[in-house]
């Protein structure tokens with residue numbers, strides 16, 4: 001066990017437990033087996049925690065969207081309807097696994113797997129609590145960016161292999177929006193990297209003396225928008241627009257394969273919220289409560305905001321999505337990078353008061369950018385007054401015509 | 001402009017989240033219906049019916065089937081027929097109420113329920129025995145004398161044949 | 001060197017979540033840009049005009065309910081007006097006021113359906129739809145108090161209305177008139193300033209005034225082009241010449257104009273209902289002396305109303321019998337549909353769905 005794994009308190013305590021396990025005074029578990037078992041248990045518990053929390057989140061999402069619609073959500077099975085995800089899973093497992101004629105069966109079957117694995121894999125490098133993580137890669141952020149790109153490949157595989165023109169539409173839109181939103185996302189991450197000095201997620205959390213959301217408002221907004229678009233969440237969900245192309249890339253899937261697509265769709269907001277919290281909001285740090293609970297609360301808060309946006313806003317058209325990425329987010333992210341680099345050149349190792357000055361400058365620049373962009377697009381986003389043909393007949397109180 | 005439209009919209013959605021839900025838990029709770037509601041079962045008072053079959057004539061779909069024989073009933077009031085068959089096919093009825101409008105003797109009334117689902121289409125035909133023996137909760141549709149009495153079929157008791165006439 | 005692309009023909013089929021019924025479009029795409037559009041309808045044809053020849057005039061009222069099943073009262077009103085014109089029957093005053101109140105309430109309900117589904121097609125996940133339908137439930141509850149049914153009413157008869165309104169109807173109506181403007185403010189606040197909605201609907205699906213007049217389009221689609229044509233003002237029927245109301249007009253007739261127009265028309269309808277409630281006299285609600293089996297004299301007549309979707313007209317030819325000899329329905333949705341190709345060529349797939357929603361068609365009317 002090297003110095004890397006020693007710092008991981010979750011892993012090391014399990015490792016020591018297995019190593020010291022004795023039956024009748026004899027060490028039954030050799031070192032390599034303890035290494036393997038401890039690692040396996042850590043991974044197993046985190047993956048299961050993610051998936052179980054997501055299934056409970058499906059119930060919570062349906063209840064909350066029901067309340068946004070001024071109605072009750074599912075509340076029949078179990079107390080408050082908590083067994084609804086179990087009912088969903090049983091129903092999906094019992095369905096027929098259709099395979100239309102003319103599909104490319106290898107790619108058709110592999111697409112759900114290629115889609116769901118990256119969304120869970122992201123949790124490998126995120127610190128969930130104090131000294132609790134699976135691995136402290138020193139290229140953590142690069143790993144996350146690379147892995148999330150593979151997910152869109154799964155979407156494209158599903159759309160292409162279905163042999164359906166509507167699915168192909170959805171797949172093409174997915175690839176177009178992925179390419180458009182990679183660049184602003186990566187550039188906003190680079191802003192954070194400049195401030196923290198390292199790509200590793202654990203060190204990003206430790207480097208935040210004040211949360212980076214104060215220092216990088218533009219970066220926060222750009223990352224939020226770009227990540228929402230990457231995981232095809234409203235208002236950027238043209239890929240699976242129900243009213244236009246029925247269901248996009250997962251039209252031809254049924255049963256548990258479709259369930260896998262939906263599960264991945266629901267795990268993605270948690271992954272993105274976790275990355276957002278770690279990069280911009282000091283991760284697991286907080287005053288009184290245990291660190292896991294702080295992390296969980298912050299992630300749930302951002303998940304709620306994504307849900308709120310999803311319930312309210314209509315969706316954009318595909319060319320408007322790409323225009324938003326290239327014409328607005330890309331210049332803003334370059335500007336953000338430039339300003340951050342300039343500030344770090346002036347104040348090489350900033351103290352706390354200098355950090356607050358940097359925060360003030362960055363927020364001013366963000367508000368100025370908002371005003372400038374709104375004014376530039378004024379013709380497209382301003383309301384238009386309606387005319388009226390006034391009535392010539394008027395009435396007085398007793399009901400006679402004037 | 002400036003993203004304020006989106007923000008205002010989101011605040012309205014949040015405000016609606018905290019209102020009481022508009023939906024109710026059926027079947028434990030039920031929404032009260034109006035007293036004129038045109039329901040599924042029909043209330044037929046055989047003491048008032050003379051077998052004239054106006055209802056069957058004026059049904060736009062032709063779903064009422066009446067077979068009568070001269071019965072020698074009510075000879076003073078100008079003999080009623082005795083009704084042998086009186087079938088109403090709920091499966092094809094559109095509950096327009098033209099049959100109720102057509103009845104000159106106030107013998108047929110619309111019902112006030114809506115939960116008459118069955119497992120087979122053939123059991124949706126209401127035969128004469130069921131019409132005779134079912135509970136009579138007449139709807140006040142096209143019967144102003146019932147409205148003058150402020151009768152509410154959801155709450156009040158059954159009415160007998162001499163209380164429902166003009 | 002330009003890249004050679006191949007246009008692809010897609011069938012936006014009869015079963016689709018957002019074609020407002022069983023409606024089929026054969027669209028030729030070049031990438032996402034629409035090149036050609038061909039609507040195919042007839043999937044809901046039930047032979048209403050032929051069936052009407054077998055039924056008496058009173059029974060045909062139940063047939064007309066089911067034409068535009070979202071706006072039943074307007075259909076009833078149009079048919080009853082044309083028969084009354086033919087038979088020379090004049091309904092009493094109170095009946096005319098109640099008819100106008102019912103028609104205006106129905107206009108509000110129909111515009112709520114149109115607005116809700118337009119936003120559902122835009123992708124707002126059903127939140128505005130639920131709000132619109134919540135208000136529509138209140139209107140349908142009022143109609144249930146009035147005539148016992150919620151969707152297909154068969155409320156009007158030749159010579160007046162069927163049954164008078166109960167006292168709880170007036171109570172409920174006055175409460176509705178007080179509450180509804182706040183809800184319409186809610187819809188406007190949620191949607192009219194929303195930047196995403198504005199970018200999606202402005203300058204999309206533009207219709208020129210000359211094309212609209214040539215294609216005999218009526219209703220909010222025509223008023224969106226700026227032409228002031230409303231049958232309630234230019235050919236007043238019932239008591240519309242005694243109430244004062246404004247006609248909202250658009251300027252460019254894109255989707256945004258038509259959408260805002262419907263919301264403003266809802267406010268005007270509330271205004272009209274308020275004035276009717278103040279002016280309504282007591283009296284009978286059905287003309288005396290109209291027999292149950294009406295036999296109009298030999299001849300023909302055309303009666304029309306301004307329905308929520310446009311001008312709805314009935315042309316009746318009578319040969320003196322108890323059933324019409326020929327009943328022809330001029331349905332607004334069918335005629336408004338013919339302008340779709342002009343509005344959409346050059347647009348994108350997403351625009352097509354939104355434009356179809358903003359024309360506001362109803363397949364029961366298109367196919368009859």
- So which residues in segment C:116-153 are at the interface with chain A (Cβ under 7 Å from one of its Cβ atoms) and not in a helix (DSSP H, G or I)? C:123, C:124, C:125, C:126
- Message: Looking at the structure I just gave you, is residue B:2 within 14 Å of another protein chain (Cβ to nearest Cβ), at pLDDT below 85 and over 29 Å from residue C:60 (Cβ atoms)?
- Response: yes
- Query: Is one or more of the residues making up segment B:64-73 closer than 18 Å to residue C:61 by Cα, modelled with pLDDT of 85 or more, under 21 Å from the mean Cα position of the chain (by Cα) and within 14 Å of chain C (Cβ to nearest Cβ)?
  - Reply: no
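Mind listing just one residue for me: the one in segment A:144-174 that is touching a helix residue (DSSP H, G or I) at 6+ places or on another chain (Cβ under 8 Å) and closer than 21 Å to residue A:333 by Cα and, of those, surrounded by the most Cβ atoms within 10 Å (Cβ to Cβ)?
A:144
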- Task: Identify, from the list A:348, A:257, A:327, the residue that is farther than 30 Å from residue A:95 by Cβ, in a helix (DSSP H, G or I) and over 17 Å from the mean Cα position of the chain (by Cα).
- Result: A:327
- Identify, by number, the condition in (1) buried (at least 23 other Cβ atoms within 10 Å of the Cβ); (2) in contact with a strand residue (DSSP E or B) (Cβ under 7 Å, 6 or more places away or on another chain) that residue C:205 doesn't meet. (2)
- Query: Is it the case that some residue within segment B:15-30 is assigned to a helix (DSSP H, G or I), within 14 Å of another protein chain (Cβ to nearest Cβ), in contact with a helix residue (DSSP H, G or I) (Cβ under 7 Å, 6 or more places away or on another chain) and modelled with pLDDT of 85 or more?
  - Reply: no
- Failed criterion for residue A:38 (all others in (1) more than 14 Å from chain C (Cβ to nearest Cβ); (2) more than 24 Å from the chain's Cα centre (by Cα); (3) surrounded by fewer than 18 Cβ atoms within 10 Å (Cβ to Cβ) hold): (3)
- Residues in segment B:133-153 that are loosely packed, with under 13 Cβ neighbours inside 10 Å and over 17 Å from residue C:145 (Cα atoms) total 2
- May I ask you to verify whether residue A:299 is in a helix (DSSP H, G or I) and surrounded by 19 or more Cβ atoms within 10 Å (Cβ to Cβ)? yes
- Those residues of segment C:149-185 which are closer than 30 Å to residue C:123 by Cα and more than 23 Å from the chain's Cα centre (by Cα), in sequence order: C:179, C:182
- Task: Using the structure shown, decide if residue C:302 is modelled with pLDDT of 90 or more and either in contact with a helix residue (DSSP H, G or I) (Cβ under 8 Å, 6 or more places away or on another chain) or under 16 Å from residue C:114 (Cα atoms) (or both).
- Result: yes
- Query: Does segment A:345-355 contain any residue that is at pLDDT 85 or above and more than 30 Å from residue C:225 (Cβ to Cβ)?
  - Reply: yes
- Item | Breaking point among (1) surrounded by fewer than 20 Cβ atoms within 10 Å (Cβ to Cβ); (2) farther than 13 Å from residue C:223 by Cα, for residue C:240 | (1)
- Message: Step by step: first the residues of segment C:191-241, then only those that are part of a helix (DSSP H, G or I) and under 23 Å from residue C:101 (Cβ atoms), then the one that is nearest to the chain's Cα centre (by Cα). Which residue is that?
- Response: C:220
- For residue C:280, indicate whether it is more than 30 Å from residue C:257 (Cβ to Cβ), within 14 Å of chain A (Cβ to nearest Cβ) and surrounded by 16 or more Cβ atoms within 10 Å (Cβ to Cβ). yes
- Message: If I go through segment C:339-359 residue by residue, how many of them are away from chain A (no Cβ under 14 Å) and either in a strand (DSSP E or B) or at pLDDT 85 or above (or both)?
- Response: 1
- Note on the structure: Selection over segment B:3-41 where residues are surrounded by 11 or more Cβ atoms within 10 Å (Cβ to Cβ), within 30 Å of residue C:155 (Cβ to Cβ) and free of Cβ contacts under 8 Å to residues at least 24 places away in the same chain yields a count of 5
- Could you tell me whether segment C:310-320 includes any residue that is touching a strand residue (DSSP E or B) at 6+ places or on another chain (Cβ under 8 Å) and modelled with pLDDT under 85? no
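The values are calculated or read from the model by the stated rules, or taken from the named source; none is laboratory data. Remember, predicted model here, so these are calculated numbers, not experimental data. Ideal geometry is used to build each Cβ from the backbone, glycine not excepted, and the neighbour counts take in all protein chains shown.
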